[in-house]
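What follows draws every value from the coordinates through simple rules; no lab data is involved. Just so we're clear, the structure is a prediction, and the values are computed from it rather than from any experiment. We place every Cβ from the backbone using ideal geometry, glycine too, and count neighbours over all the protein chains shown.
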């Protein structure tokens, strides 16, 4: 175990706690004008505010991140290129995979409070360092998104986290966001499903998780199951085998985030999560929400009751044709491209992901605004070739 | 083209059979036992009989109006990932590849004598005579990337007088059947056809695979690592697996080689090697190494010329169908290469079409300083400098099994040194650019002679 981790974890916890004491902070620049109490309010003058914030953000990253400045020079883009709202779409992007190789930073002069890394399912991890201000903005945004979607309550809850215990490694990004989520309803207790086993190795502790779920169900307080959906399902399967259908207390939620994408679903492509929940628990599927967020872009895209991931007004999203990178219209599947000015310590203003999906124009729920649908990760189909390919190279290198 | 309603069409020892589904394990077992009966009879066709069939076949396939050729072109245009232009170009050459002359060259090159299957052939130095006999029953497991590979494999099995079973690839379930039917058309005596079965089942079906693993004398495998692992498991004692798995090929350009080369011609040849089979074949180059001694301005000229050649080749043979994932892989490679240049404070040197049809990435990494990265394919060539042959060899240490063809632009005097070093590293072929994916008849593939893998020799010392 990393002995620094528990200390870092405590510091981070304190920062989060301080934020949630007031859920506010002092305005620093035009970016903060975007942070409204209603995160899905796109009424005028939202476009102007967003444009100003992106202009500021562009100038900031261009001036304080050499890498990004060079990138923009290479793409022939400068501050003057952003005159109108629609110019935002052309702000040079950094591909999310680049962060897996290059730990890029933008100088802010602020304290870097938090370093997060992705789970590294592709073999490499992204590392992002967040300054205090950006961290607060993200927390503010996250808090209000959850509030708008009905997930902030005063009733205490038991938190069941299918995430890494931060005492082992607080840099794993899924944990950071999950910890923040545990402030949305007063905590009765927190349980981590991915922890050290008897041999000191980190793994999903299935039997222990099943017993903990049993204990939480018996306590009767709302349960909030968060984290890797595969482990959540495995816990429910284990529970069913031993105790039958899981009778969740009222106002319980499952908020999944990560764990599988598209083809790596271990239950097969036809697996229907909502049918599974209906069959094995008493939970209303409206209370099963998936969350899309990235280490490189920690804005939260949380599902509404209709299971659409709404785009908050601190971000912008579009899909792009993988063959030309041209921006696609509503409903057209391509690579998801995300924009946000919220983060100052890292040049993630414009981030092209390697996730397939599309942007939906309007949802049947009352939340308002567009939403994104994530359909899976790009690059997972096998190439029909007898040529030695990059994925084989990775596995061979590991062996060597 | 075969109607999709006839999706489960099979060619079984001279008969075309249409069924509502693929053959099941019991039917496959029956089929294999029929093959065994034939094998046990020991009646082998003569070489002349075989060549006579191929002579008629070759003549027919040289005619663009030949119905089966038209059917094959149409089927491949619809099903394969290759472009129409490329498919048509392949069929301009196809008749040569099935001609008796080509087959004789192959027999001569691979077996040392074209007659060795029909009579005892004396060895030069020993007082011994040899005769080659078929291994027996051969299963060819086809891959979908190069539609000619399974045909060539099937022909290898035929000319070595084996009983042949061909498992078609999911991506190409038409051309092998069309070709088998074409063989029958010119094989009135069923010399070849009654010893040939062509069919398909979904890969990974253990029961079917185990029938073949039990009864075959050879299994010739073409394809990727996962399927290969499956075929490697539980083979019977008598079944020999001939692996043509995933390989890597690259090119080298030395200063001396470049200085005597005619640049546009050289880069046209390299572009052809990159673009042929859309770079999906194991012998297409993924990387190009240019010697450090080549001056910067020469390298720039070389890259400019290569980019022109790739443009030209792209117009002549546009890329075939690619999946979105394939496009994303190229985009990723370009973005990561750009990031590497920016991070290193070096100019970005990526050239390519806007639509990702082809890409040249000139890496700032040098020789053995850092590990190599394979290309994402789809006509993406990674160019890197190398300090010396020794440093180049260092880079590929530990990858012996995967190395295959090296395209060369070397001075003649350098060839022996490069050949010695690269062959000891694991490289199985050095050739000029322009023919990397077009090996000559009767030469080894993946380090061994394909026909030798399908026969056994009997030595007669009395």
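Brief remarks on what is shown
- For the range B:221-303, a Kirkwood radius taken over Cα pairs fed into Stokes-Einstein (25 °C, viscosity 0.890 mPa s) yields D = 158 µm²/s.
- Residue B:440/residue B:412 FRET efficiency (R0 22 Å; Cβ-Cβ; nearest 0.05): 0.75
- With R₀ set to 56 Å, the beta-carbon distance separating residue B:298 from residue B:63 gives a calculated FRET efficiency near 0.75.
- Relative intensity of the range B:331-462 on a log10 scale, I(q)/I(0) at q = 0.11, 0.14, 0.22 Å⁻¹, equals -0.53, -0.80, -1.37, per a Debye sum over C-alpha point scatterers of equal strength in the absence of solvent.
- Principal-axis tilt of helix B:100-111 within chain B, Cα atoms, nearest 10 degrees: 80
- Helix B:149-159 and the long axis of chain B differ in direction by around 40°, with both axes built from C-alpha atoms.
- Cβ neighbours within 10 Å from other chains - mean over B:334-344: 5
- Ordered by the number of other Cβ atoms lying within 10 Å of each residue's own Cβ, fewest first, B:194, B:229 fall into the sequence B:229, B:194.
- Å³ per residue enclosed by the Cα convex hull of the protein assembly as shown: 196
- For A:363, A:318, B:284, order by how many other beta-carbon atoms lie within 10 Å, fewest first: A:363, A:318, B:284
- Relative contact order, percent, chain B [alpha-carbon distance under 8 Å, six or more residues apart]: 19
- Per-residue mean of C-beta atoms belonging to partner chains within 10 Å, peptide B:352-359: 2
- Where labels lie 7 Å past Cα in the beta-carbon direction, separation of residue A:218 and residue B:20 in nm: 5.6
- Kirkwood hydrodynamic radius of the range B:43-196, from inverse mean 1/r over distinct Cα pairs, in Å: 16.4
- For the peptide A:320-326, the mean number of other protein chain Cβ atoms found within 10 angstrom of a residue's Cβ is 5.
- Full extension of the segment from residue A:196 to residue A:245, taken as 0.36 nm per residue of separation minus the current Cα-Cα distance, would add 14.8 nm.
- For chain B, the longest principal axis of the alpha carbon atoms and the long axis of helix B:175-185 meet at an angle near 40°.
- Per-residue [θ]222 nm for chain B (sum of -39500 (n - 2.57) over DSSP H runs n ≥ 4, rounded to 500): -13000 deg cm²/dmol
- Residues A:42, A:77, B:147 in ascending order of nearby Cβ atoms (within 10 Å, fewest first): A:42, A:77, B:147.
- Normalised size of the range A:334-382, defined as Cα radius of gyration per 2.2 N^0.38 Å with N residues, equals 1.40.
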